[in-house]
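Asks: Okay, handing you the structure first.
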Amino acid sequence: MIPYKQLASLYAITGGVPKYLDILDPAELAACANETEAALFFEEGIVRNVLSPSGFLYEEPYFLFAQEGRDPASHLSLVSVIARGSRRAAEIARTTGMKESALPVYLKTLIDLGNIEREVPSNEDAPERSKNGLYHVADEFLTFWFRYVQPFASDLEMGNVRPSLKALEKTFESDAVPFLFERLSRQAFTRLCAEGKIDFQPLRVGSYWTRTSEWELDVCAFDRDSGRAFYGECKCHKNKPFSLEEYRALVRDAASAPVSSPS
């Protein structure tokens with residue numbers, strides 16, 4: 001069996017896409033004798049297939065964007081800054097140097113192509129007109145590549161993988177895996193409601209955050225019939241239960257969240 005840590009990491013890189021799963025053989029990963037051996041096998045697969053200039057997926061995003069039509073350079077630039085954490089339109093424009101008025105056309109193209117997604121708080125009545133939208137990269141591998149491959153290209157071209165691996169060690173488990181875990185948790189909640197295992201008929205399942213992003217709720221849903229609200233917090237801890245302090249923070253934030261469903 002693949003250790004959870006490696007399974008979550010593998011999905012956070014590949015999104016389960018068969019082509020990207022080729023960077024590792026899941027069967028061989030599952031056959032590792034212990035977690036240390038699995039971690040080493042995982043790292044070697046990343047270095048060989050993604051961080052090496054001769055690797056199978058080293059230049060994958062360039063091929064993808066070259067096939068998607070005009071102005072691939074601008075699209076690459078936009079996806080790059082979104083992958084690295086610029087999620088609001090104003091911040092994206094400022095980071096790329098583009099005029100904010102020119103962004104909608106580019107962002108819509110990237111959304112239509114399935115490269116990025118736009119999210120709004122789940123209680124918004126008119127999501128398409130919301131000024132509180134946040135963008136994120138829809139493809140896990142693109143997110144990984146723009147965070148851990150592109151910024152270190154000069155080092156990687158010289159065969160030096162250490163800066164990239166150091167960045168991976170520093171932020172991957174604290175950033176990329178928890179973000180994916182939140183999305184999987186929302187999907188699981190939706191599925192459990194549909195199967196009748198949770199007595200809730202969600203009108204829309206998403207997240208909630210304040211305009212200033214001072215705090216957010218990872219799961220926010222409203223029952224279409226009863227008007228009840230569901231709020232949840234997702235913590236991707238290893239062998240660590242949800243703490244009392246985290247529960248109190250959830251209760252505090254939920255008390256300030258909307259209590260009515262979108263119309």
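Asks: Test SER122 against the stated conditions and say whether it is surrounded by 13 or more Cβ atoms within 10 Å (Cβ to Cβ), more than 27 Å from ALA167 (Cβ to Cβ) and small (Gly, Ala, Ser).
Replies: Criteria met by SER122.
Asks: Only one residue in GLN67, GLN6 is modelled with pLDDT under 75 and polar (S, T, N, Q), so which one is that?
Replies: None of the other options fit; the residue is GLN6.
Asks: Quick check, is ALA176 aliphatic (A, V, I, L, M), at pLDDT below 90, in a helix (DSSP H, G or I) and surrounded by 14 or more Cβ atoms within 10 Å (Cβ to Cβ)?
Replies: For ALA176, the condition - aliphatic (A, V, I, L, M), at pLDDT below 90, in a helix (DSSP H, G or I) and surrounded by 14 or more Cβ atoms within 10 Å (Cβ to Cβ) - is met.
Asks: Could you tell me whether VAL137 is in contact (Cβ under 8 Å) with a residue 12 or more places away in the chain, touching a strand residue (DSSP E or B) at 6+ places or on another chain (Cβ under 6 Å) and among the β-branched types (Val, Ile, Thr)?
Replies: Here the answer is yes, as VAL137 does meet what is asked.
Asks: If the Cβ limit is 7 Å and pairs must be 6+ apart or interchain, which residue in region 169-197 that is without any contact (Cβ under 8 Å) to a residue 40 or more places away in the chain pairs with which residue that is surrounded by fewer than 17 Cβ atoms within 10 Å (Cβ to Cβ)?
Replies: If the second residue must be surrounded by fewer than 17 Cβ atoms within 10 Å (Cβ to Cβ), the pairs left are LEU192/ILE198; CYS193/GLN201.
Asks: Please tell me if SER130 is surrounded by fewer than 19 Cβ atoms within 10 Å (Cβ to Cβ), without any contact (Cβ under 8 Å) to a residue 40 or more places away in the chain and among the hydroxyl-bearing types (Ser, Thr, Tyr).
Replies: yes
Asks: Kindly indicate which of ARG162, ARG191, ARG129 is more than 30 Å from ASN49 (Cβ to Cβ) and modelled with pLDDT of 90 or more.
Replies: ARG191
Asks: Sticking with this one: Does region 141-158 include one or more residues that are open to solvent by less than 40 Å² (accessible area, probe 1.4 Å) and not in a helix (DSSP H, G or I)?
Replies: Scanning region 141-158, I find at least one residue that is open to solvent by less than 40 Å² (accessible area, probe 1.4 Å) and not in a helix (DSSP H, G or I), so the answer is yes.
Asks: Of everything in region 9-42 that's closer than 13 Å to GLU173 by Cα and not polar (S, T, N, Q), which residue is modelled with the lowest pLDDT?
Replies: The extreme case among them is ALA39.
Asks: Still on this structure, please answer the following. Output the residues belonging to region 48-65 that are open to solvent by less than 40 Å² (accessible area, probe 1.4 Å) and not aromatic (Phe, Trp, Tyr).
Replies: Selection gives ASN49, VAL50, LEU51, SER52, GLY55, LEU57, GLU60, PRO61.
Asks: Suppose we filter GLU68, GLU28 for residues that are charged (D, E, K, R) and under 28 Å from THR109 (Cβ atoms); which single one remains?
Replies: Of the residues listed, the single one that is charged (D, E, K, R) and under 28 Å from THR109 (Cβ atoms) is GLU68.
Asks: I've got another one for you. When only residues in region 68-118 that are of a type in the set (S, T, N, Q) and under 23 Å from VAL149 (Cα atoms) count, which is surrounded by the most Cβ atoms within 10 Å (Cβ to Cβ)?
Replies: Among those residues, the one meeting the criterion is ASN115.
The values are calculated or read from the model by the stated rules, or taken from the named source; none is laboratory data. For clarity, every value in this text was computed on a predicted model and none was experimentally measured. For neighbour counting, all protein chains shown are included, and Cβ atoms are generated from backbone atoms with ideal geometry for every residue, glycine included. Just so you know, the surface numbers come from the protein's heavy atoms only, side chains and all, with ligands and any DNA or RNA stripped out. Shrake-Rupley method; radii C 1.70, N 1.55, O 1.52, S 1.80 Å.
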